[in-house]
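This report refers to the structure that appears directly beneath it.
The values are calculated or read from the model by the stated rules, or taken from the named source; none is laboratory data. Values in this document were obtained by computation on a predicted structure and should not be read as measured data. Reconstructed Cβ throughout: ideal geometry from the backbone, glycine too, with neighbour counts over all protein chains shown. Please note that ligands, DNA and RNA were not included when accessible areas were found on the heavy atoms of the full protein model with its side chains. Shrake-Rupley method; radii C 1.70, N 1.55, O 1.52, S 1.80 Å.
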Amino acid sequence: MTMRHPKHLRFALLLFVAVAMALLPASGLAAGPPPTQGVRLRMIGHPRWTVADFHLFAAPIGTAASGYAEFLETALALLPEPNHRFHPALFVGPGDPHARPYTSELASGVAAQGFHQGVRFNRSEFSNGMGVYLVWMNVPAPGTTGSSPDFTSGPIIPNSLFPIHVEGSSTHNGTPFSFLGATDVPKLDANLNPPFNVDGHSHFPMFFMDNADFGPPGAQLRGSYNWHITMTDASGNGWRIEARFSVGP
């Protein structure tokens, strides 16, 4: 088997995930309150969905030798069965129907796994199979109802807003460090395998990670990191997400 470069491996992994700074004007963007330490949000236009339950933490991602399989294992450990299941097109997709609210599921998962949360990490948490994660949940804004894998009628992010494009990049001490990945989160319809016959998502998670493997070879890891991520729906509305943390000795 030919081993692919780690950057290419992560790009393939993130194609499963239902996440450079987008070239959008800063005017009209309303900065929201920090959802968690180290994270800042800005609204793009007027999205009909919102973002919540952010967590910045260190956890296993694996290595090139394992194909970074631990990335998926960590994601599924945060949102375990039966409420969520692996789906080839969604990464962590819907599982058994479960009730709202969905804005504390990731918090419960991070706490249950005992991962170190914060904005300061050691080099050992950013190399050799470990990495820094940013995860969050996407949930409906009030106003749109329909069917989802969780209910026959309730608040949804409607299929008409998908695909939702997600893209991110990172800097280290102000210098480009890595491409965090890009993906298009699909609508829940018969084109997926396994398929769905619903009006939209009740909620869906996003997972981004990074470590020394994906930066410049031989880079000194100590210093500050800044992640820039954008999410835009089919109408051009969405969110701009910035996460800051540091790696120490």
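Can you name every residue in the stretch 190-245 that is buried (at least 17 other Cβ atoms within 10 Å of the Cβ) and among the aliphatic types (A, V, I, L, M)? Residues satisfying the conditions are 198, 206, 209, 212, 221, 229, 231, 241, 243.
Before we move on, is residue 133 touching a His at 6+ places or on another chain (Cβ under 8 Å), part of a loop (DSSP other than H, G, I, E, B) and crowded, with 20+ Cβ neighbours inside 10 Å? Criteria not met by residue 133.
Restricting attention to the stretch 136-149, does a residue exist that is open to solvent by 30 Å² or more (accessible area, probe 1.4 Å) and under 22 Å from residue 212 (Cα atoms)? No: zero hits.
The number of residues in the stretch 190-249 that are of a type outside the set (Gly, Ala, Ser) and part of a loop (DSSP other than H, G, I, E, B) comes to 19. When 115, 91 are checked against the criterion of being surrounded by 16 or more Cβ atoms within 10 Å (Cβ to Cβ), under 25 Å from residue 197 (Cβ atoms) and either at pLDDT below 95 or of a type outside the set (D, E, K, R) (or both), 91 stands alone in meeting it.
Selection of the stretch 175-189 for residues being assigned to a strand (DSSP E or B) and open to solvent by less than 70 Å² (accessible area, probe 1.4 Å) yields 177, 178, 180, 181, 182, 183, 185. Residue 97 falls short on exactly one of the conditions (1) under 17 Å from residue 200 (Cα atoms); (2) open to solvent by less than 60 Å² (accessible area, probe 1.4 Å); (3) not hydrophobic (A, V, I, L, M, F, W, C), and that condition is (2). With respect to (1) of a type in the set (Ser, Thr, Tyr); (2) out of contact with any Leu (no Cβ under 9 Å at 6 or more places or on another chain); (3) within 24 Å of residue 201 (Cβ to Cβ), the lone exception for residue 66 is condition (3).
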